[in-house]
Amino acid sequence: MRLVAWNVENLVKRLAELPDAVRALGDPDVLCLQEIRVRAQDAGDVAALERALPGYRCHMSLPRDPLNVKYRGGRAYGVATFVRGDATGDVPAWDREGRVVVTALGALAIVNLYAVNGTSKPYLDEAGTVAGDRHAFKRAFQRRVLELGASLGERVILAGDWNVSRTKLDTHPRLRTEEPHATARAELNALIEQTGFVDIWRARNPEARGYTWFNLRSRSLDAARVDYILVSPVLAPEVRDAEILERHPWSDHAPIAVTLP
């Protein structure tokens, strides 16, 4: 089974080209896309997304939070997982921004995620009350998604855009060590260790530099590894390949992939 995860950066404008892009990615069995920029109320776009890849079923989590999701008409978020064959999809009740969809393939659970990019902007709860800022919301999201992964059994994959670089090896020219970024990084790394998940590309490439996000406006290399795939400890020895693929011109993110028996 080959799984590819990719922050595609506005999928809805490129749906007609998606089959060709998927072929270029090696026709994966599972395709986890982030930042698709489709809202739950965009009925036409949702229908087009569902039929965009013949032979695949599509499971989505779309923004349904009118208080916090307003950027670019509410289209900044949204995740979609395309799967060959029978599978079931589920969205956790706490995900109101279209950031997490869980797909079950038999005993295997795949969590497609688009983590929060923390800012000082206020975060509003369902009652419209300010509940901290989006830096705090980012850390809460990290905790929730790792707790979710730990609750799904022994065979779990968490794949997507985490919006955090884990170590100095994961960024160039420098790691952001100022607050609140340092706290978000420390908390995420602690959660990964506590839950036992394995950052499989880093585990296979302990000293390598590899990047998945690129600042396309920079004249020199400005890049970071913020997209990664975590696998449960039972799955880690079964992974045949863990790759960072070549960046596709659609996005400033490179796709990432794992292959399992």
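Read-outs throughout are calculated quantities, based only on the coordinates presented, and are distinct from any laboratory measurement. Everything numeric here is computed off the predicted structure, so don't read it as measured data. Backbone-built Cβ (ideal geometry, glycine too); neighbour counts: all protein chains shown.
For the stretch 208-244, trypsin sites (Lys or Arg not before Pro) meeting the loop criterion (DSSP other than H, G, I, E, B) and having at most 13 other Cβ atoms within 10 Å: R209, R217, R219, R240. Shape verdict for the stretch 114-190, please, from the Cα gyration tensor: rounded (a/c under 1.5), prolate (a/b greater than b/c) or oblate. It comes out oblate by the Cα gyration axes.
The spread of Cα positions in the stretch 157-205, taken along each principal axis and listed from longest to shortest, comes to 29, 21, 16 Å.
Computed over the chain with a Gaussian network model linking Cα atoms closer than 10 Å, the most mobile of R37, R185, R14 is R14.
Each of M1, M60 was scored by other Cβ atoms within 10 Å of its Cβ. Arranged with the fewest first, they read M1, M60. Qualifying GluC sites (Glu not before Pro) in the stretch 231-261, where qualification requires a DSSP coil assignment and no more than 13 other C-beta atoms within 10 Å, comprise E246.
If you take all other residues with their beta carbon under 15 Å from the beta carbon of Y56, and give Lys and Arg +1 and Asp and Glu -1, the sum is 0. Summing charges over all other residues whose Cβ lies under 12 Å from the Cβ of Y228, with Lys and Arg as +1 and Asp and Glu as -1, gives -1. Peptides 131-142, 38-49 ranked from most to least packed by the mean count of surrounding Cβ atoms within 10 Å: 131-142, 38-49.
Counting Lys and Arg as +1 and Asp and Glu as -1 over every other residue whose Cβ lies under 10 Å from the Cβ of N189, the net charge comes to -1.
Summing Cβ point charges (Lys, Arg +1; Asp, Glu -1) relative to the Cα centre of the stretch 55-192 gives a dipole of roughly 420 debye. Please report how far the C-alpha centroid of the stretch 189-233 lies from that of the stretch 115-153, rounded to the nearest whole angstrom. What the calculation gives is 21 Å, centre to centre.
For the stretch 2-259, the equivalent ellipsoid built from the Cα gyration tensor has semi-axes of 24, 23, 20 Å, listed from largest to smallest. Across the stretch 7-80, Cα-Cα pairs more than 19 Å apart make up 29 percent of the total.
The string of couplings for the stretch 180-197 from the Karplus curve (6.51, -1.76, 1.60, θ = phi - 60°) is x, 5, 4, 5, 4, 5, 4, 5, 5, 4, 5, 5, 4, 5, 5, 7, x, 5 Hz, one whole number per residue in order, with x for Gly and Pro. When the charge dipole of the chain is built from unit charges on Cβ atoms (+1 for Lys and Arg, -1 for Asp and Glu) and taken about the Cα centre, the candidate among A80, A224, L146 whose Cα reaches farthest toward its positive end is A224. Given +1 at the Cβ of Lys and Arg, -1 at the Cβ of Asp and Glu and no other charges, the dipole of the chain around its Cα centre is 580 debye to the nearest 20.
Count the DSSP beta bridges whose two residues both fall in the chain, then state the antiparallel fraction as a percent rounded to the nearest 5. Around 80 percent of the beta bridges assigned by DSSP in the chain are antiparallel ones. Remark: the stretch 41-48, residue by residue, has Karplus-estimated 3J(HN,Hα) of 7, 8, 4, x, 5, 4, 5, 5 Hz, where x stands for each Gly or Pro and the curve is 6.51 cos²θ - 1.76 cosθ + 1.60 at θ = phi - 60°.
Scoring 97-103, 61-67 by mean Cβ neighbours within 10 Å over their residues and listing the highest first yields 97-103, 61-67.
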